[in-house]
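The values are calculated or read from the model by the stated rules, or taken from the named source; none is laboratory data. None of these values were measured; they are calculated from a predicted model. Don't worry about glycine lacking a Cβ; one is built from the backbone with ideal geometry, like all the others, and counts go over all protein chains shown. Accessible surface areas use protein heavy atoms only, side chains included; no ligands, DNA or RNA. Shrake-Rupley method; radii C 1.70, N 1.55, O 1.52, S 1.80 Å.
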Amino acid sequence: MNVKVSVILAVYNVEKYIRKTLDSVINQTFSDIEIIVVDNKSTDKTLNIIEEYASKDERFVIYKNTSNLKQGLARNFGVQMARGEYIFFLDGDDYLDLSAIEKLYKKITETDTDITICTWNQFDDLTGIIDRNHIYAKLKQIPTEFDNKTFNWRDIKYSVFWQTSVPWDKIYKRDFLINKNVKFPGGIYFEDNVFVYDALFKADKISILREDLVYYRCNRKNAVTNTRNKTFFDYFKIFNLIGDNLKKIGLYEEMKYYYWDYKVITLYWWFMKVRLPYKREFFNKMKYDFNHLEMREQDKEFVRNRTLFLISRFTKMPFFIYYPFFFFFDKIFRIEKGIKNYAVIFFSTYEKWFEYK
């Protein structure tokens, strides 16, 4: 029997948080859901807790992987097994507003869109503080004119790569994901980026709901983004996959300047975050990657100055000079925002983050 919404949770060792997550799902004001849990061979009590909930709620469907497939393949499996008309992903350490599914379902069905995106809050696991003004979470780069009408990626072309790249602030038509072959890549970390941008570029219609419906837990001790080790090197693979997807759908030439900007600045951001023992190797991979962007001289006219500056910084400078003499200066003055950011610091001028030349 079909249901309206399949909520998919790919989980691994989240015993500390999973009860709050599951409570926020089973108590939704919208009850016509199935809860698909794909356990990635948890070694703690995560699966026991989930089975406890499932014994009291027939909407649960549990799949147990015999090895850790990482989130990407686990989520893909969940989509294949889902019976819902719509798909919603949730991580095992986050939680929902109790009206989240009802409001997202209402919006996506009323607008007949492939994707509906909502806003969210960031919950700090260390301090317990909820950040209700996090700029990344508030869809600031989608003009308010789209609040009451549908749009697609062309309407937000200049800022499409600066939208949230998480899958769990969105509800999707299942048929759209299946028919357009939108999947998570397997076997790597940070797979969300590939999935989300592929979905955004393939969606005919998108709608937004400016309501904070998800609580994202940050600063969790064992979260991948907190490891700051060699898992961060998967970002090089991620960007290659995003570029490959653009080529497959014939949009690479049209979007390459925005893609390069996103790639260069984001890689630099993670270079700042990676732990010191891995910085030199990460630096050298950036140097190699930037040298192979296939950027022609005439392309430079259309690429942001800050992007060109970072490319030059890394391709022309060895690590043993950059790190002791420039790294901390660049970090303090947020050089990834562009050379004009110095003026922002020293003269209190203002540069719009998303304004292209």
Q) For the range 282-287, what does the Karplus curve 6.51 cos²θ - 1.76 cosθ + 1.60, with θ = phi - 60°, yield as ³J(HN,Hα) per residue in whole Hz, taken in order and with x for Gly and Pro? A) 5, 4, 5, 5, 5, 4
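Is the shape of the range 1-136 best called rounded, prolate or oblate, per the rule: a/c under 1.5 gives rounded, else a/b larger than b/c gives prolate, else oblate, with a ≥ b ≥ c the square roots of the Cα gyration tensor eigenvalues? Could you put the intermediate results ahead of the total?
Numbers: a/c = 1.57, a/b = 1.10, b/c = 1.43.
Oblate shape, in that a/c is at least 1.5 and b/c is the bigger or equal ratio.
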Q) Expressed as a whole percentage, what fraction of the accessible surface of the range 203-329 belongs to carbon and sulfur atoms when a 1.4 Å probe is rolled over the protein heavy atoms? A) 53 percent
Q.
Can you work out the Karplus-derived ³J(HN,Hα) for every residue in the range 208-214? Use 6.51 cos²θ - 1.76 cosθ + 1.60 with θ = phi - 60°, whole Hz, and x for glycine or proline.
A. 10, 10, 7, 9, 7, 10, 10
Q. Relative to a virtual label point 7 Å from the Cα of Thr231 in the Cα→beta-carbon direction, which members of the range 118-137 show backbone nitrogen distances below 19 Å?
A. 123-127
Q) Carbon and sulfur atoms: what percent of the 1.4 Å accessible area of the range 103-182 do they account for? A) 46 percent
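Taking all protein chains in place and a 1.4 Å probe, what share, in percent, of the accessible surface of the range 28-94 do carbon and sulfur account for? Mind dumping the intermediate values first?
Details: 1450 of 2960 Å².
Carbon and sulfur: 49 percent of the exposed surface of the range 28-94.
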Q: Using the Cα centre as the reference, give the magnitude of the dipole from point charges on the C-beta atoms of the chain (Lys, Arg: +1; Asp, Glu: -1; all else neutral), rounded to the nearest 20 debye.
A: 1260 debye
**Q.** GNM top mover of Tyr95, Tyr172, Tyr322 - the chain, alpha-carbon springs below 10 Å
**A.** Tyr322
Q. Suppose every K and R has +1 on its Cβ and every D and E has -1 on its Cβ; what is the size of the dipole of the range 131-184 about the Cα centre, in Debye to the nearest 20?
A. 180 debye
Q) Applying the Karplus parametrisation 6.51 cos²θ - 1.76 cosθ + 1.60 with θ = phi - 60° to the phi angles of the range 62-77, what ³J(HN,Hα) value in whole Hz is obtained for each residue in order, glycine and proline being reported as x? A) 10, 10, 10, 6, 7, 8, 7, 8, 6, 5, x, 5, 5, 5, 4, 5
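When ligands, DNA and RNA are left out and all protein chains stay put, how many square angstrom of accessible area per residue does the chain have with a 1.4 Å probe?
48 Å²
Note the full-extension length gain between Arg19 and Met81 as 0.36 nm times their separation in residues minus their Cα-Cα distance, in nm to one decimal. Please list the in-between numbers first.
Values: separation 62, 0.36 × 62 = 22.32 nm, distance 2.35 nm.
Net length gain for the segment: 20.0 nm.
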Q) Considering only Phe146, Tyr197, Phe319, whose Cα is most displaced toward the positive end of the charge dipole of the chain, charges sitting on Cβ of Lys, Arg (+1) and Asp, Glu (-1)? A) Phe319
Q: Could you tell me whether the chain comes out rounded, prolate or oblate from its Cα gyration tensor? Rule is a ≥ b ≥ c as square roots of the eigenvalues, rounded for a/c under 1.5, then prolate if a/b exceeds b/c, otherwise oblate.
A: prolate
Q: Choose one answer from Lys103, Lys237, Lys16: the residue with the largest mean-square fluctuation in a GNM of the chain with alpha-carbon springs under 10 Å.
A: Lys16
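Tally the DSSP beta bridges in the range 82-217 and give the antiparallel ones as a percent, rounded to 5. Kindly include the intermediate steps, with their values, before the conclusion.
Working: 11 of 20 bridges.
Counting DSSP beta bridges with both partners in the range 82-217, the antiparallel share is about 55 percent.
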**Q.** Within straight-line cross-link reach of Lys64, lysines at Cα separation under 22 Å, skipping those fewer than 8 residues along the same chain
**A.** Lys16, Lys20, Lys41, Lys45, Lys56, Lys183
Q: Can you tell me the order of 178-189, 259-270, 2-13 when each peptide is scored by its average per-residue count of other Cβ atoms within 10 angstrom, highest first?
A: 2-13, 259-270, 178-189
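Remind me, relative contact order of the chain in percent, using alpha carbon pairs under 8 angstrom and six or more residues apart?
Values: 564 pairs, mean separation 55.8, N = 357.
Here the relative contact order equals 16 percent.
To the nearest 0.05, how large is the calculated FRET efficiency for Ala54 and Thr29 if R₀ is 25 Å and r is the Cβ-Cβ distance? Working shown, then result.
Details: r = 21 Å, r/R0 = 0.84.
Calculated value: 0.75.
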Q. Using modelled amide H (1.01 Å from N, peptide plane; none on Pro or chain starts), what sits under 5 Å from the amide H of Leu209, excluding residues fewer than 5 places away?
A. Ile117, Cys118, Thr119
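Could you work out the helix-only [θ] at 222 nm for the chain, with each DSSP H run of four or more residues adding -39,500 (n - 2.57) and the total divided by the number of residues, to the nearest 500 deg cm²/dmol? Mind showing how you got there, number by number?
Working: 14 runs with 143 residues, N = 357.
-12000 deg cm²/dmol, from helical runs alone.
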